[in-house]
Amino acid sequence: MFEHVVTEGHGGVCYELNRLFHTLLAELGYDVRMVAAAVRQANGTFGPEREHTFDLVHLDGQTHLVDVGFPGPSYAEPLYLSEEEQHQYGCSYRVTEHDGYRVVERRPKESDWQPVYRFRPELADPSGWDAVRLDSLDDYAQDSVLAGTTFRSRATDNGKIVLIGRRYFTVEDGVERTKVLVKADEFHDVVELILAGA
């Protein structure tokens, strides 16, 4: 996985990127656990419980959410597992409780709170998930209506850039913009920008 994602520069999906990061954090001695999440869909409902993965890191008596693989607008630096409002690059975040779940919520400038994903911290796995569970995520991804859709994202100095299909999202200092990339060369340039970080 490291060869494909990092050495060859292809990038990866959440469970590849966050599993690699989980391994790094564990080898550095951090108390880290991988957890599954259900992502909020466009219609406001949540997807399957194991649709997304990220890490919880316990450090100095606090639990931090660490996610290096979410393909949409979200936090770039660790979040405290707390309902207190936290700020990153012009956006606000908090982790609320609702119906037995913890819900990561995000609010860009001049906008309302929106759920990003929900999870159950008590189901976090210190092993980083086993291969069988990863295979089931591969099956889900291949069977999904979004199979074959390009997902790319990268944190920037003041926000995030995201490509989902041909929709290009930029978040700069909390201000979101969306553009549909119609021309093939525009699409190619954005993919290269995100992968190369240029």
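Any read-out appearing in this document is the output of simple, stated calculations on the displayed coordinates, not a laboratory observation. Remember, it's a predicted structure, so these values are computed and weren't measured experimentally. FYI the Cβ positions are ideal-geometry reconstructions off the backbone, even for glycines, and counts take in every protein chain you see.
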Next on the checklist: How much length would be gained if the chain were fully extended between Gln86 and Thr150, taking 0.36 nm per residue of separation minus their Cα-Cα distance, in nm to one decimal?
Outcome noted: 20.0 nm
Item to check | All lysines inside 17 Å of Lys160 as judged from Cα atoms, apart from same-chain residues fewer than 8 positions distant | outcome: Lys109, Lys179
Item to check | Relative contact order (%) - the range 1-136, alpha-carbon pairs under 8 angstrom, separation at least six | outcome: 22
Checklist entry - Once fully extended, how much extra length lies between Tyr30 and Asp60, figured as 0.36 nm per residue of separation less the alpha-carbon to alpha-carbon distance? => result 9.7 nm
Next on the checklist: Taking a ≥ b ≥ c as the square roots of the Cα gyration tensor eigenvalues, with a/c under 1.5 meaning rounded and otherwise prolate when a/b beats b/c, else oblate, which class fits the range 27-92?
Outcome noted: oblate
Checklist entry - Rounded to the nearest 500 deg cm²/dmol, what is the calculated helix-only ellipticity per residue at 222 nm for the chain, with -39500 (n - 2.57) per DSSP H run of length n ≥ 4? => result -6500 deg cm²/dmol
Checklist entry - Each residue of the range 121-126 in turn: what ³J(HN,Hα) in whole Hz from Karplus with 6.51, -1.76, 1.60 and θ = phi - 60°, glycine and Pro shown as x? => result x, 5, 9, 4, 10, x
Checklist outcome for this item: Using alpha-carbon positions, the gyration tensor of the chain gives root eigenvalues a ≥ b ≥ c; with a/c under 1.5 called rounded, otherwise prolate if a/b exceeds b/c, else oblate, the class is rounded
Checklist entry - With point charges of +1 on the Cβ of Lys and Arg and -1 on the Cβ of Asp and Glu, referenced to the Cα centre of the range 30-133, which listed residue (Leu79, Val68, Asn43) lies farthest in the positive direction of the dipole? => result Asn43
Checklist entry - Extension gain Asp125-Lys179, at 0.36 nm per residue separation less the Cα-Cα distance, in nm? => result 15.6 nm
Next on the checklist: Testing the spin-label approximation: label points 7 Å from Cα along Cα→Cβ at Glu172 and Arg107. State their distance in nm.
Outcome noted: 2.5
Item to check | Rg/Rh ratio calculated on Cα atoms of the range 141-196 (Kirkwood radius) | outcome: 1.00
Checklist entry - Dipole magnitude of the chain about its Cα centre, charges +1 at Lys/Arg Cβ and -1 at Asp/Glu Cβ only, in debye to the nearest 20? => result 560
Item to check | Environment charge at Arg166 (Cβ cut-off 11 Å; Lys +1, Arg +1, Asp -1, Glu -1) | outcome: +2
